[in-house]
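Contents: one structure, followed by commentary.
What follows is calculated from the coordinates using simple rules that are stated; it is not laboratory data. Remember, predicted model here, so these are calculated numbers, not experimental data. Because the Cβ atoms are built from the backbone with ideal geometry, glycine has one as well, and the counts that use them run over all protein chains shown.
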Amino acid sequence: MSVILCTAGYDHTIRFWEALSGICSRTIQHPESQVNRLCITPDKKYLAAAGRHVVRLYDIKSSNPNPIMTFEGHTNNITGVAFHCEGKWMVTSSEDNTVRVWDTRSGLIQRSYNHDHPVNDVVIHPNQGELVSADRGGVIMIWDLGDNKCTHQLIPEDDVPVSSVSIASDGSLLAAGNNKGDVYIWRMYQNHDSTTLQPCRVFNAHKTYLTRLLLSPDIKLLATCSADHTVRIWRIDMNEESLEPIPEPATPLASSSNSKAQDPSNSTFDEFGTEDDADHEARSRSSSNITTSSASASAGGSRPGTAASSSSQPPSTPLDTFRPVNAVIAKRTPLQLETVLESHQRWVWDCAFSADSAYLVTVCSDHYARLWEVASATIIRQYNGHHRGAVCVALNDYSSPP
């Protein structure tokens, strides 16, 4: 299978699509709950489906509808999932306030990191030694897998849930989006055994909830999905003066707020919602932890650790804790808006770029998945088959490994 395209959502099914024809080639039932996130392993052999409490791993090439492995340990909805570059371990985020690292061969937990709030998203740094997670309290944290600790804590805006985070494929940029529709971008620098972050841009991308944010593989585009029924594509110019770092406040400010933002999307994922209120069912995800790796971290593909129940709390005074206030907030010059994808009829929840960054797949509460040509902002294919809102998508069209 040269192209693997999967979607899932509130109808308790996972669907595999022939990308070009739009034909649904396989459907897997997921009766226990809605599916919150999907992720394909780098070798294209397996699909991870994150639902309530568990992640199920399916063999993509098999016709067996049953999972080959189930990862159990979370106590609330799982909101994010990502794989190590060689598939040796997997990371998940959850509304139970934790980020967990799993051994994909044994199914055991290797790391568990705690947040003060439900975690909305988690991604793996390309160096394979750091995790970035974001939570509903408005905190982004960086976790160093080698040293097993939090090294950075970013607070874009107090009490505003951070719904999504994305790291550039070369590790040069970190982007985050929140429930106000704001986007924050940091430059990331690797200095020997540590990572330095410098804020370089903040702007309002949407007037309402930003549900997903994704940097393109070629790092030239940023896609933002929203409750306003649109996806916006922003142009990134790495040589642009406006992407130069903005000075941080002279004195770092420690995180202090634990109050919850009052937002309709703050409710938990619920499998009992009706189709009409699907947009208001719990789909907000906030991730609060960002990890930085050291030279001893698993840059060479080694596992992050062997302790099955090791846990790390954010330090009371985390390294490089700061809010990008004043200077950053004042610089609300948006990236260049490349195009707006406007044919969605309801909330857009997730998106995935093609390997060449020329195409984007989106999923929406109107039940459809759509394949877009980014340059022309036209729909190439529409995938019709879900009976309720489609809320997550996974696409892998990279060349298969030798």
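Some observations on this one:
- Calculation over all alpha carbon pairs of the range 176-219 in 5 angstrom steps from 0 returns a P(r) of 5, 20, 19, 23, 17, 9, 5, 1 percent.
- Taking a ≥ b ≥ c as the square roots of the Cα gyration tensor eigenvalues, the range 123-244 comes out oblate, since a/c reaches at least 1.5 and a/b does not exceed b/c.
- The range 1-128 pair-distance distribution - Cα-Cα, 5 Å bins, rounded %: 2, 11, 22, 24, 20, 13, 6, 2, 0, 0
- Cα gyration tensor shape of the range 142-183, rounded if a/c is under 1.5, else prolate or oblate by comparing a/b with b/c: oblate
- From most to least packed by mean Cβ count within 10 Å, the peptides 152-164, 189-201, 125-137 give 125-137, 152-164, 189-201.
- Separation of the range 94-152 from the range 153-203 is 15 Å, based on Cα centroids.
- Cα gyration tensor shape of the range 91-176, rounded if a/c is under 1.5, else prolate or oblate by comparing a/b with b/c: oblate
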